[in-house]
Protein chains: 4
Amino acid sequence: MSEAIGVWLIGARGSVATTAVAGAAALRAGLAAPVGCVADLPDFAGAGLPALSELVFGGHDVVQTPLSKRAEQLAHAGVLPPDLPALVAADLAAADDEIRCGARQSTDVDRLAADLADFADRHGLTRVVVINVASTEPPVAPHPAHGSLAALESALRHGDPVLPASSLYAYAALRAGCGYVDFTPSTGAALPALDELAREMRVPYAGRDGKTGETLLRSVLAPMFAQRALRVLAWSGTNLLGGGDGATLADPDTAASKNRSKQRVLPDALGYPVDGEVHIDYVASLGEHKTAWDHVLFEGFLGARMTLQLTWQGCDSALAAPLILDLARFMALALSTGRPGPVPELGFFFKDPIGASPPGLAAQYAALREWAAP
Amino acid sequence: MSEAIGVWLIGARGSVATTAVAGAAALRAGLAAPVGCVADLPDFAGAGLPALSELVFGGHDVVQTPLSKRAEQLAHAGVLPPDLPALVAADLAAADDEIRCGARQSTDVDRLAADLADFADRHGLTRVVVINVASTEPPVAPHPAHGSLAALESALRHGDPVLPASSLYAYAALRAGCGYVDFTPSTGAALPALDELAREMRVPYAGRDGKTGETLLRSVLAPMFAQRALRVLAWSGTNLLGGGDGATLADPDTAASKNRSKQRVLPDALGYPVDGEVHIDYVASLGEHKTAWDHVLFEGFLGARMTLQLTWQGCDSALAAPLILDLARFMALALSTGRPGPVPELGFFFKDPIGASPPGLAAQYAALREWAAP
Amino acid sequence: MSEAIGVWLIGARGSVATTAVAGAAALRAGLAAPVGCVADLPDFAGAGLPALSELVFGGHDVVQTPLSKRAEQLAHAGVLPPDLPALVAADLAAADDEIRCGARQSTDVDRLAADLADFADRHGLTRVVVINVASTEPPVAPHPAHGSLAALESALRHGDPVLPASSLYAYAALRAGCGYVDFTPSTGAALPALDELAREMRVPYAGRDGKTGETLLRSVLAPMFAQRALRVLAWSGTNLLGGGDGATLADPDTAASKNRSKQRVLPDALGYPVDGEVHIDYVASLGEHKTAWDHVLFEGFLGARMTLQLTWQGCDSALAAPLILDLARFMALALSTGRPGPVPELGFFFKDPIGASPPGLAAQYAALREWAAP
Amino acid sequence: MSEAIGVWLIGARGSVATTAVAGAAALRAGLAAPVGCVADLPDFAGAGLPALSELVFGGHDVVQTPLSKRAEQLAHAGVLPPDLPALVAADLAAADDEIRCGARQSTDVDRLAADLADFADRHGLTRVVVINVASTEPPVAPHPAHGSLAALESALRHGDPVLPASSLYAYAALRAGCGYVDFTPSTGAALPALDELAREMRVPYAGRDGKTGETLLRSVLAPMFAQRALRVLAWSGTNLLGGGDGATLADPDTAASKNRSKQRVLPDALGYPVDGEVHIDYVASLGEHKTAWDHVLFEGFLGARMTLQLTWQGCDSALAAPLILDLARFMALALSTGRPGPVPELGFFFKDPIGASPPGLAAQYAALREWAAP
């Protein structure tokens, strides 16, 4: 018997969320093949993952633009096929009806949780996955209230602004018994107090920062250098981003969050620190597209100097959206198997996996398969 | 107790062989770290592989240039450090003394085997690995004598020219009880008759075509596309090669051998045939260097078109030489464990592995480790 | 007083022609800025070039697809803005009415000329420019009839198939008193007999092979190396083309025509022959897009080896179409000033200029300006 | 009759200076062809430029490493041919004898001028050109003493530190009747007070910031976009530099000087401001090499988006050194023709030309030829 799974998107009117909702509808209607959908690979055929048709979408956002309008903008920008917004208008409208106003005040946390409970009630959802696809936040200063659930709840009761928005949403999600995923480099659930809450509520969480371009490449190429015993001397990168993501990341504080995620993969895979900077430039005229250039200088036998250069040209929303659907489906599995706390087996999807995830995409894929479809 | 292992190189005066011999001497003398040497990775510390100091070099070649002179040319071209030829002059001279004149006639096969036996006797070698690093041959037309050892030996007795040079050397090696490795795309031991001989003699063989650049990259990137369910529409490549290898491969017949090897990795890893050509251009002024450019056009979610471009700039001999030393050491292990026939676990090193090797470098590395250091 | 100029396109239903017709309509209607239009640069403001609104379009083609349908295909492929075909439907229909069936038989030459005369009559055109944007032909074998107008006309009278299609059209155009431009590498008017005809008829002709990508870049970069006294050792290139052009050029004979054009610019600009191959690959999934990668190996002071790599990613029709409009307008100027024979000052537009054109884009631009707007 | 020309290098023991001195000696001795030497192009055969054999080298530096040792380091790093330092040892020693200790105090200015006068006396030099190849300085704050020669000399008499080192050297050079060239982005002679001095002394000066890589390419490619009426939407760049230059430019203040020079060429050539950042990263392991990647996003006909990417891999000293010799020879011409003040015709060599220089390398080359070899 089919069962409805809730997918609650923080940043539900953004490019990634809109593409995910429109894309799920397109796939359900047979208008497109599940290209980019890991959960639909033959390897996971027997994993018991929910079908796309079982997903029900809702979310929070602080902007009011209807999904139908965002979808038209994305079609104009070449992210969605030109005809798609009209063909999936009903699905977009249904999701639009389930979007509630977002929050930035700690006093809102009860309302956020209530929104989630109402969503589950209205649709008879036994499992709900909350996924953060909102704009990246700047890094957050440590605070004593982050250290334990008791301290955190005391601070929240006093209305102290100790949590960034991503963590408020995570708190509300976990408290409401939902799974929580951070697809951004924001703090989200990555605080001891929230880990404690997830374990207490027996719900899973995962993150951070979806791996959709430069870091995805680094996660397959760095192991290659390691396995061939070639020594990476410097790995430099420049990312040109248009769209809202680029504008947000043009802020140096926010870029710091992003860069921290990006820079983890190399020392993890290589076993030593690597020289080289990563730049993120906002190039408005790129629109929804992004370009990453990487330059790797490495040493081979007897000191020979050699280089590898990469240029990755992608559409960020088209890369991220199917992974949102994947994460909803894999987290639904984690919820159904009663697995509390971090799910490091989802490290395959992230730049900066929470929990013990092996370095290297191939090993992460093996871990995912081992867990989901043993 | 230390034991001497023979490494017999077909094409012993070429760039790869000279770099391997000079490099082994440099590493033994502590003049360089074992960068590029897979066998020296911590993963293989307990595998019982022979040390570099246990390798004794010899080989066949049809040219007469002394190794010391080749080494100076390579130092001038930037492949070897400027001072190295002088510092390892004794080792080069010792290997030079063990180089015998190569052969292209089937009537020479007994002499080739005798050269191997003499080499083993002179140095008290219990195990000898023959490695083909000679110029690539054109593809070979099928012949009934290739089908069984009896038919082959009958043809050889009659002096019929049924085998290309690489296979004559393979015959001589296997008949002499040596392991045989083909680091080129030439035919080598990849004939049913020679497989039969290897099993009869209870010796291992491996190949073909060392994976040192474009194909190495393809073997890590193609699995990434597969695991992310992204559909590769076209994968195009251009290789610019200087040096002797480039000149040889400028011949369309010979390039056909090379291209056949190169093109296997993509359908193996992706599971479907992929559009796109591979060019190999001889660019004399590149000298010992090579440059590969790959352009990958792929489809993501909802039909989005995206691209990845790669430029790999390497020194062919510096990439190949440490793998020659690795193959000698891993084949010594295969010889010592009495493993006859193909060694597919060495697929990690090859473009076109003989035997059942998983697609993808990560899986091949895992298979190598599982076999050599379980 | 405004005056109508005829633009007669050979291959009038192809991508380039359709984009040119739709684009001229868009610019006339103020729907787009004249980006890509050289004739609209301030440098040519006083040159007396006809306005876009003075151009009347017609042409020959052997296919029947209506322009409106081709325009929709191009909008779907991202070459034209999505709404444009509907907005310029009347202009497309008007041009469609002026497209006649093309010809490949020499017996058709009178009919082709009659089509041109009728076109001029119907619209009261004093000047007509015929521009070949049809598929590239294979190279043509020399024939004695190419050597003089008398010999050619004798052969044509006997129905001898001595001319390729592009030259038949050129013959008809010149005979009808029209200017003729070859935007392809086909033979077109580049025969002594046709040069004689152009001079006799006192009409201009120009060509060959529009410079829209790799060769455009070469024509600015090769002079840079020359002026800095840097020695180019090898200049290699790979072109990946989708669309009809790519399919045509996948034929080795036809590619030979293209490559001959492409390879002229380097020795012309550098003063010495340059090593390096140029590949043209058909990659169907690229659609209307093309990608060119160039690798330049050069020598600097004291033998230092350095490299430049370029990747050009363009839309062929979007690059070519404004040049078609430019050529129509500059050729109208040549017609009005009574200038017979080749117009080498248009070498700025071509890979393989007919007549004495300076090497290097900057010098070609200066020559164009000097001629058109002294 | 041959005549000796003095070439006095500020930063005389650096990589560029050492390569220039060693290279001039190599060319004089016939050990290398004048690759990279603009003054030796046929276009300048009749310009009356001094021969390389007429140049006598000296300079200031604050470090003590002998030129012979620097040359060996450069040979080891692959900048100079391995044997060259030994072959030109006498020339290096002769130049070494003419290097005096540099200065950073305004009180030293008389001593600097005296060093120049002594140099000229010792060698009977009628003309001396001072060229700054020292490390780039941070931008200098405006000061009232920069505005007139009288104010400047008053400040210098009082020992006020109003000038950066590059301008102290420029003051000393001009006061001593020498030509002055700034090959760096430092201030040098680019102050009204120093312009006044140059005109009073009737000596020429030129600068700033030698154009040897990314900006050289921009100066040929930006005009191409302009002449083809293509609209550049964003031009982004990343420069990876090793060596001393990279380390200096890793300082954000100093990089500001460099970036200001680099960013001028685009608006000058295109006629409008262009989006896009330029990064300069220090990558120590690149040694004497540098790599620049540029990404150009441009708009064509009807809004089509297209891109050009460039990767330039060069050896900074090998690119700069021949231009130092060129500038010495062209400035000797300016001195001999009694041309006071800036020499904008040398804009061909600079990122940020002093005086009215046309945008675009081709126009700059034409201006240089017109001036030097009319």
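What shape does region A:222-374 take by its C-alpha gyration tensor, where a ≥ b ≥ c are the square roots of the eigenvalues and a/c under 1.5 counts as rounded, a/b above b/c as prolate, and the rest as oblate? Judged from the Cα gyration tensor, region A:222-374 comes out oblate (a/c at least 1.5, b/c at or above a/b). Ranking D:TRP312, D:ALA362, D:GLY341 by how far each Cα lies toward the positive end of the dipole of region D:253-374 (charges on Cβ) leaves D:GLY341 at the top.
Per-residue Cβ counts within 10 Å, from other chains only, averaged over B:38-47: what number is that?
Neighbouring Cβ atoms belonging to other protein chains average 1 per residue here.
Return the FRET efficiency for the residue pair B:ALA29, B:ALA284: r is the Cβ-Cβ distance, R0 is 22 Å, and the value is rounded to the nearest 0.05. Rounded to the nearest 0.05, the efficiency is 0.05.
What whole number of Å gives the distance from the Cα centroid of region A:258-301 to the Cα centroid of region A:8-68? Answer, in whole Å: 29. Of all DSSP-defined beta bridges confined to region C:205-350, some 75% are antiparallel rather than parallel. Residues whose amide H comes within less than 5 Å of that of C:ASP281, counting only those at least five positions distant or on another chain, are C:ASN239, C:LEU240, C:LEU241 (H built at 1.01 Å from N in the peptide plane).
Shown in residue order for region C:188-198 are the 3J(HN,Hα) couplings computed by the Karplus curve 6.51 cos²θ - 1.76 cosθ + 1.60 at θ = phi - 60°: x, 8, 7, 9, x, 4, 7, 4, 4, 5, 4 Hz (x for Gly and Pro).
How many lysine pairs are close in chain D, with Cα atoms under 16 Å apart and the two 8 or more places apart or on different chains? Within chain D, the lysine pair count is 8. Taking only the C-alpha atoms of region A:1-104, the Rg (one decimal) and the largest Cα-Cα distance, Dmax (whole number), read 13.9, 41 Å. Using only the C-alpha atoms, the convex hull of chain D corresponds to 131 Å³ per residue. For region A:210-253 and region C:317-374, what is the separation of their C-alpha centers, rounded to whole Å? Centre-to-centre (Cα) distance: 46 Å. Take each residue of peptide A:21-27, count the partner chain Cβ atoms within 10 Å of its Cβ, and average: the result is 1. The fewest-to-most ranking of C:ARG231, B:ARG208 by surrounding Cβ atoms within 10 Å reads C:ARG231, B:ARG208. As a proxy for reagent exposure, ranking A:SER285, B:SER219 by other Cβ atoms within 10 Å from fewest up yields A:SER285, B:SER219. Grab the other residues whose beta carbon is less than 13 angstrom from that of C:PRO81, score K and R as +1, D and E as -1, and report the net. Summing Lys/Arg as +1 and Asp/Glu as -1 gives -2.
For the protein assembly as shown, the antiparallel share of DSSP beta bridges with both residues in that region comes to about 45%. Express the relative contact order of region D:214-314 as a whole percentage, based on alpha carbon pairs under 8 Å and six or more residues apart in sequence. For region D:214-314, the relative contact order is 39 percent.
For A:ASP118 and A:HIS76, what is the calculated FRET efficiency with R₀ set at 30 Å and r taken between the beta-carbons, to the nearest 0.05?
So, using R0 = 30 Å, E works out to roughly 0.35.
The residue list A:ALA90, A:ALA17, A:VAL63 was ranked by how far each Cα lies along the charge dipole of region A:14-171 toward its positive end, using unit charges on Cβ atoms, and A:VAL63 comes out on top. For the segment C:205-218, counting C-beta atoms of other chains within 10 Å of every residue's C-beta and taking the mean gives 1.
Listed by Cβ neighbour count within 10 Å, with the fewest neighbours leading, D:VAL63, B:VAL38, B:VAL109 appear as D:VAL63, B:VAL109, B:VAL38. Put +1 on the Cβ of each Lys and Arg and -1 on the Cβ of each Asp and Glu in region B:214-315; which of B:LEU241, B:HIS279, B:GLN263 then has its Cα farthest toward the positive end of the dipole? Ranked along the dipole, the leading option is B:GLN263. The dipole here belongs to chain D: it is taken about the Cα centre, uses +1 on the Cβ of Lys and Arg and -1 on the Cβ of Asp and Glu, and is about 580 debye. Structure remark: mean-square fluctuation, Gaussian network model of chain A, C-alpha springs under 10 Å; the largest value among A:PRO161, A:PRO42, A:PRO192 belongs to A:PRO42. With only the Cα atoms considered, region C:285-327 has a convex hull volume of 83 Å³ per residue. Summary value for chain B: 20 percent relative contact order, contacts being C-alpha pairs under 8 angstrom separated by 6+ residues.
Each Lys and Arg adds +1 at its Cβ and each Asp and Glu adds -1 at its Cβ; summed about the Cα centre, region C:214-315 shows a dipole of about 380 debye.
Once you sort the root eigenvalues of the Cα gyration tensor of the protein assembly as shown as a ≥ b ≥ c, which label holds: rounded (a/c under 1.5), prolate (a/b larger than b/c) or oblate (the other case)? Rounded shape, in that the Cα axes give a/c under 1.5. Charging the Cβ of each Asp and Glu at -1 and of each Lys and Arg at +1, and nothing else, the dipole of the protein assembly as shown about its Cα centre rounds to 0 debye. Spin-label pair D:SER336-A:GLN64: with each label point 7 Å from Cα along the Cα-Cβ axis, the two points sit 7.8 nm from one another. Using θ = phi - 60° in the Karplus curve 6.51 cos²θ - 1.76 cosθ + 1.60, the 3J(HN,Hα) couplings for region C:300-306 round to x, 4, 6, x, 4, 9, 9 Hz; x is entered for Gly and Pro. Mind checking which of B:ALA255, B:ALA356, B:ALA172 has the largest fluctuation in a GNM of chain B, springs on alpha carbons under 10 Å? Of B:ALA255, B:ALA356, B:ALA172, the most mobile in the Gaussian network model is B:ALA356.
Quick note: the coordinates plus some simple rules give every number you see, no bench work behind them. In this text, all values refer to a predicted model and were calculated from it rather than measured experimentally. Heads up, the Cβs are rebuilt from the backbone with ideal geometry, glycines too, and the neighbour counts pull from every protein chain shown.
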